[in-house]
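The values are calculated or read from the model by the stated rules, or taken from the named source; none is laboratory data. All figures in this text were calculated on a predicted structure; none of them were measured in a lab. Reconstructed Cβ throughout: ideal geometry from the backbone, glycine too, with neighbour counts over all protein chains shown.
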């Protein structure tokens with residue numbers, strides 16, 4: 001996280017000529033040359049994570065991945081900056097995304113993600129705390145949005161696991177078989193900047 005904050009400082013020093021609220025994304029793998037062990041772990045342990053999430057659901061089977069055998073092939077990581085006033089409307093993630101994770105980076109206080117549920121009404125607002133976040137499985141009920149009501153830029157780290165058969169996304173690709181164990185991924189792909 002400290003390394004990502006160094007990139008935040010770099011991004012804050014840039015003079016972007018912007019008009020109005022905007023969200024910028026920097027790809028960790030393509031733009032900064034590294035990937036996190038967290039994202040790689042989630043990619044390699046996808047099936048075990050999904051099955052564990054299913055066990056924790058109040059209404060199991062309702063949220064089950066209809067194509068669980070269609071494993072994610074690539075992890076795509078970004079650091080996103082939303083300037084003051086950005087209102088990212090309620091939406092569902094693309095069907096090619098199998099898992100989404102987000103960690104709040106800066107500022108100290110901010111507006112967390114709003115989850116709207118199946119009726120697209122706000123059910124939960126995730127509390128913004130630096131170095132905390134969430135992981136969810138995109139599905140037909142996972143409407144979510146956010147608003148940056150602060151006077152500062154909003155920075156988050158986000159990863160998505162994609163079923164990317166056409167190799168359109170940058171990021172580390174799946175190289176090993178998924179196991180049911182939850183062993184920490186020891187051979188980190190992150191050789192440049194550990195996170």
Condition test on residue 127, is it in a strand (DSSP E or B) and at pLDDT 90 or above?
-> no
For segment 124-150, how many residues meet the condition of being over 16 Å from the mean Cα position of the chain (by Cα) and closer than 14 Å to residue 91 by Cα?
-> 3
Say we look at segment 7-47 and pick out the residues that are over 12 Å from residue 81 (Cβ atoms) and modelled with pLDDT under 85; which of these is nearest to the chain's Cα centre (by Cα)?
-> 47
Kindly indicate whether residue 85 is farther than 27 Å from residue 41 by Cβ, in contact (Cβ under 8 Å) with a residue 24 or more places away in the chain and not in a strand (DSSP E or B).
-> yes
Identify all residues within segment 20-47 that are surrounded by fewer than 16 Cβ atoms within 10 Å (Cβ to Cβ) and part of a helix (DSSP H, G or I); write none if there are none.
-> 30, 31
Selected residue (criterion: surrounded by the fewest Cβ atoms within 10 Å (Cβ to Cβ)) from residues of segment 130-171 that are touching a helix residue (DSSP H, G or I) at 6+ places or on another chain (Cβ under 6 Å) and assigned to a loop (DSSP other than H, G, I, E, B) | 170
Any chance segment 90-99 includes a residue that's in contact with a helix residue (DSSP H, G or I) (Cβ under 8 Å, 6 or more places away or on another chain), buried (at least 16 other Cβ atoms within 10 Å of the Cβ) and either closer than 26 Å to residue 43 by Cα or in contact (Cβ under 8 Å) with a residue 24 or more places away in the chain (or both)?
-> yes
Only one residue in 117, 110 is assigned to a loop (DSSP other than H, G, I, E, B), over 15 Å from the mean Cα position of the chain (by Cα) and surrounded by 20 or more Cβ atoms within 10 Å (Cβ to Cβ), so which one is that?
-> 110
